[in-house]
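Worksheet for the structure shown next.
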Amino acid sequence: MGVGKTTVGELLAQKLNRTFIDVDQEIEKDFGMSIPDIFTKHGEPFFRELEQAKTCELAQEPLRVLSLGGGAFLNESIQKTCLAHGIVIHLDIDWAEWTERMELLIDDRPLLQSKDLSDVQELFYKRQSAYAVNHARLLINKRTPEEVADALIDSLKQIWASSELRK
Ligand SMILES: Nc1ncnc2c1ncn2[C@@H]1O[C@H](COP(=O)(O)OP(=O)(O)OP(=O)(O)O)[C@@H](O)[C@H]1O
Ligand SMILES: O=C(O)C1=C[C@@H](O)[C@@H](O)[C@H](O)C1
Ligand SMILES: [Mg+2]
């Protein structure tokens, strides 16, 4: 959550000349409500149903850069669909670096509200095993969005080169 998927995904799509889609924004458009409002009025389980349906639908479309919600990869159907149809890159960040960013995130991320720092830290580490299922991982600590987007292009080139070799 808040590692920079939306920010960097948009930049990456520009550099690759591909369409950028942010799943959270698509859910907000479809449902006509902000994500914090969906959580407040309908609850997290309802949001997770919308998220599963929308992410699995969008992940099957080719030639796009798709930015998932921060909790999406904890859902098994989302994991399977994304891994089968796309290249999944885990943008990772160290806890210490993430805490420096937390203030920027709180207002728009319902899961951070009414939690103390130790609860948030527990959630942060609990999610790591789900995020570990991927095609590549990139640690973004101290890198600017531009640097992360360029590093992602290098990762993609390596993945494409190794898949060409296997043909
Ligand atoms: N490389 C970076 N360095 C510093 N700040 C960043 C970087 N990338 C993103 N940010 C900032 O961190 C915040 C969260 O970024 P963003 O919304 O892109 O994260 P996200 O991974 O899409 O979050 P979510 O998981 O909720 O979808 C924003 O305020 C953004 O400007
Ligand atoms: O980390 C999470 O579980 C979330 C992150 C955001 O992208 C939104 O999908 C929502 O706030 C939930
Ligand atoms: Mg995002």
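The values are calculated or read from the model by the stated rules, or taken from the named source; none is laboratory data. All values reported here derive from a predicted model rather than from experimental measurement. Counting neighbours? That spans all protein chains shown, and the Cβs are built from the backbone with ideal geometry, glycine included. The protein model used for the area step is the full one, side chains on, heavy atoms only, and it has no ligands, DNA or RNA in it. Shrake-Rupley method; radii C 1.70, N 1.55, O 1.52, S 1.80 Å.
Can you find a residue in the range 158-167 that is open to solvent by 70 Å² or more (accessible area, probe 1.4 Å) and at pLDDT 95 or above?
Step one: filter the range 158-167 for residues open to solvent by 70 Å² or more (accessible area, probe 1.4 Å), giving 158, 160, 164-167.
Next cut, at pLDDT 95 or above only: none.
Within the range 158-167 (the criterion being open to solvent by 70 Å² or more (accessible area, probe 1.4 Å) and at pLDDT 95 or above), the answer is no, since none of the residues qualifies.
Are there any pairs with C-beta distances below 8 angstrom linking a residue in the range 59-71 that is farther than 13 Å from ILE87 by Cβ and within 16 Å of ligand 2 (Cβ to nearest atom) to a residue that is modelled with pLDDT of 95 or more and open to solvent by 80 Å² or more (accessible area, probe 1.4 Å), with the two at least 6 apart or on different chains, and if so which?
Final answer for the pair search is SER67/GLU10.
I'd like the residue in the range 87-105 that is surrounded by fewer than 14 Cβ atoms within 10 Å (Cβ to Cβ) and among the hydrophobic types (A, V, I, L, M, F, W, C) and, out of all such residues, is farthest from LYS5 (Cα to Cα).
Among them, the one singled out is ALA96.
Tally time: how many residues in the range 118-151 are away from ligand 2 (no atom under 16 Å from the Cβ) and closer than 25 Å to GLY43 by Cα?
So the answer is 1.
Could you list all residues from the range 60-69 that are under 16 Å from the mean Cα position of the chain (by Cα) and either buried (at least 19 other Cβ atoms within 10 Å of the Cβ) or among the acidic types (Asp, Glu) (or both)?
Across the range 60-69, the qualifying residues are VAL65, LEU66, SER67, LEU68, GLY69.
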